[in-house]
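> Quick one: the structure is below, and I'll ask about it shortly.
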Amino acid sequence: MHPPRRVARVAGVVYLLMCILGGVARLAVRDRLYVPGDAATTASNIVANVDSLRMSVVADLVIAMAFVFVGLAFYRLLKHADRSAAGAMMLFATVGAAMILANLVFHHAALLVATGASYATAFGAQGSDALVLLLLDMHHAGDTIAGIFHGLWLLSVGYLAVKSRMFPRLLGVLLVVAGASWIVDTLVRFAAPDLPGVVHVLLTAPQFAELAMVAFLLIKGVTASPLGARLATTQHSTSLVTTKAHS
């Protein structure tokens, strides 16, 4: 059995990797190349930055795997607080990772169409560019929808963080607020797509609680939990009894 602090710190390293790769894939690559409503510019951007787009696909593949790993780590740390909630948390992480992987099909297809001469021959230059934009529009919509499950994941992590007493109560509450902000922002983006960008900035501001969780995992790991300590003592006693019985 690995000590909880070691599990927490490893989870923190992987969670930090997710944040870094997500920022690079989205801000440094996709948001720079994808121009909504401008098919020609979007297609030409992709052709001029093929390697960057391929690396963003690889980054998302790693993020999906890391998401499941972090979910497993949190399940191991927090299942003693509420096994049902921990199971739901793991389910949300798994579905979120699956959506990332499924959504990458559109991302990769846009790359294939933009760089494949056969598509330009079949659909014409304008038709091919329009198809590239459509695929990236679908990827963008899928990425937005996946925010629902990321929000549900954060809600469950925040609840378990508070209940387990292995993290500061304030941090758990902030994670719950961050999860709610993910869900609300996702709904607003579809219900009112023409709202000013500042509205989304305000809605997503609480999501910085994730960075606070990453920092806490890396620096502190977890705090001492009376509930967790009692569970560990019980498991240790059970192990000793079992060992003596077999002897």
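> Is it the case that Leu195 is farther than 17 Å from Arg26 by Cβ, not in a helix (DSSP H, G or I) and not acidic (Asp, Glu)?
yes
> Restrict the check to the stretch 188-196 and report whether at least one residue is of a type outside the set (Asp, Glu), modelled with pLDDT of 90 or more and under 23 Å from Met90 (Cβ atoms).
No: the stretch 188-196 contains no residue that is of a type outside the set (Asp, Glu), modelled with pLDDT of 90 or more and under 23 Å from Met90 (Cβ atoms).
> Something else about it: Restricting to the stretch 142-169, name every residue that is of a type in the set (Lys, Arg) and out of contact with any Leu (no Cβ under 9 Å at 6 or more places or on another chain).
Within the stretch 142-169, Arg169 is the sole residue that qualifies.
> Quick one: which of Val201, Val176 is at pLDDT below 90, assigned to a helix (DSSP H, G or I) and not basic (Lys, Arg)?
Just a single option satisfies the conditions, and that option is Val201.
> From the list Ala64, Ala43, Ala81, Ala73, which residue is out of contact with any Lys or Arg (no Cβ under 9 Å at 6 or more places or on another chain), closer than 30 Å to Met166 by Cβ, crowded, with 17+ Cβ neighbours inside 10 Å and touching a residue at least 60 places away in the same chain (Cβ under 8 Å)?
The match here is Ala73.
> Also, I was wondering about something else. Any idea how many residues of the stretch 144-170 are free of Cβ contacts under 8 Å to residues at least 60 places away in the same chain and either in contact with a helix residue (DSSP H, G or I) (Cβ under 6 Å, 6 or more places away or on another chain) or assigned to a helix (DSSP H, G or I) (or both)?
Going through the stretch 144-170 one residue at a time, the tally reaches 15.
> Pick from the stretch 177-202 the residues that are buried (at least 20 other Cβ atoms within 10 Å of the Cβ) and among the hydrophobic types (A, V, I, L, M, F, W, C): which of them is nearest to Tyr159 (Cα to Cα)?
Checked the stretch 177-202; the qualifying residue nearest to Tyr159 (Cα to Cα) is Ala178.
> So how many residues does the stretch 203-222 have that are charged (D, E, K, R) and surrounded by fewer than 18 Cβ atoms within 10 Å (Cβ to Cβ)?
Residues meeting the conditions: 1.
The values are calculated or read from the model by the stated rules, or taken from the named source; none is laboratory data. All figures in this text were calculated on a predicted structure; none of them were measured in a lab. So basically every Cβ, Gly included, is an ideal-geometry build from the backbone, and we count neighbours across all protein chains shown.
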